[in-house]
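Taking it in order: structure first as structure tokens, then the write-up.
The values are calculated or read from the model by the stated rules, or taken from the named source; none is laboratory data. Worth saying up front: this structure is predicted, and the values here are computed from it rather than measured. For neighbour counting, all protein chains shown are included, and Cβ atoms are generated from backbone atoms with ideal geometry for every residue, glycine included.
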Amino acid sequence: MADREEPGGDRRRYSERPPGGGRPAPRRRPEDAIPPRRAPGEAPTPRRRPPDGRAYDGPPPRRRADAPPPRRRPAPPPGSTEETVIFEPVGGGTATEERPPPHELGKGGAAIRTVGELLITAGLVVLLFMVYEVYVTDLFSAGKQSEASSELDGEWGKDRQLHPDLVDGKAFARIHIPVFGADFNFTIQEGTTEAALEVGPGHYKGTALPGEPGNFAIAGHRVGKGAPFNDLDNLSSCDQIIIETQTDFYIYKVLPYKDEVEGWAAGKGAQPKCKNVGTLRDPNAADGGAYGETNGRRIVFPTKGDTVNPVPYKDPDILPKADQVSLLTLTTCHPKFSAKERLIIHAVLAQQVPKNQVGTYAELLPKISEAR
């Protein structure tokens, strides 16, 4: 007899000999056991593997007492010879749902989708147009401006003419604005047709010529096609605008703005840069006289054609030519990317410098820099 301890601490007595005084049977090791025979066609029992992935040849591990009961394999349907395979749930125990069939759009939904596609297409077209207007046309205009400048230099290399003949679309002068940089210059073409403005600023036909009494008026693009007047709204009173012809430099200065007129002489008008710049208002006239509406900057509607009259905003015959002030007027679209209004800059002739006294524009700049 021998004592053995059962799980749980229960000790019992066992007999080493079988009943009847027979010889005890030898103990069989699990690895010496003969596996049961498989029926024909039966798949071999898969070998269990421990968690670390190694083959496990011993008896199956004992299940923990607190482990849930094993899942039972469902019985195969009648007549079936295949095993039923159990798959583990997807996503931590949640079953996957089948995707519902696509919802068919009704008439209203189809119309909304069509409108949306059209809006997207229209947006792309507008975007491409803006890229073309802002960037591509600049490249085209730069080439045309370079060609016009070379032709103008060739014309000026010939005999000097005080009053050259004006030809539609052909350059006859240059415009410089020092506050925009020493390299700011564009040729001025005769006329304001689209073809002329693609090259650079254009002279309003019929208005005065540079330096003459009256109103020398120029139009220019603000966006695309070279955009010569893109920064026109950055000009201040007394800033210089220089018109170069074959024989002279005409130095115009921007007139006082409307809010600067009152007290101009004792205020900004007393600064050196504003020499020869005064208000054009008549102090003895209630409405300011003939030039009462002519300030350095104005914003008007495109229909305001009298902007470029000899006396701006007044009847063309209000003053004889001899009594007219020599003005320069620049016009461009306002605001940017819109033609709803026009931005107007008015400047007055402050000085005329013959070229034979100073030479080139680069040689002129140092001499007028103190007065800028």
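Annotations for the structure displayed:
- All positions within region 235-248 that are more than 33 Å from the chain's Cα centre (by Cα), outside any strand (DSSP E or B) and either crowded, with 21+ Cβ neighbours inside 10 Å or hydrophobic (A, V, I, L, M, F, W, C) (or both): Cys238, Thr245
- Residue within region 304-315 that is outside any loop (DSSP other than H, G, I, E, B), modelled with pLDDT of 95 or more and within 30 Å of Ala362 (Cα to Cα) present: no
- Conditions (1) assigned to a loop (DSSP other than H, G, I, E, B); (2) in contact (Cβ under 8 Å) with a residue 24 or more places away in the chain; (3) hydrophobic (A, V, I, L, M, F, W, C): number failed by Leu328: (1)
- Positions within region 173-208 being out of contact with any strand residue (DSSP E or B) (no Cβ under 6 Å at 6 or more places or on another chain) and more than 23 Å from Ala362 (Cβ to Cβ), in sequence order: Thr193, Glu194, Ala195, Leu197, Glu198, Lys205, Gly206
- Failed condition for Arg222, given (1) under 25 Å from His203 (Cα atoms); (2) crowded, with 19+ Cβ neighbours inside 10 Å; (3) modelled with pLDDT of 95 or more: (3)
- Test: residue in region 280-288 that is touching a residue at least 24 places away in the same chain (Cβ under 8 Å) and either of a type in the set (Val, Ile, Thr) or exposed (fewer than 15 other Cβ atoms within 10 Å of the Cβ) (or both): no
- Looking across region 249-286, the residues that are over 41 Å from the mean Cα position of the chain (by Cα) and small (Gly, Ala, Ser) come down to Gly263, Ala265, Ala266, Gly267, Ala270, Gly278, Ala285, Ala286.
- Restricting region 259-272 to residues that are among the charged types (D, E, K, R) and at pLDDT 95 or above, the residue that is surrounded by the most Cβ atoms within 10 Å (Cβ to Cβ): Glu260
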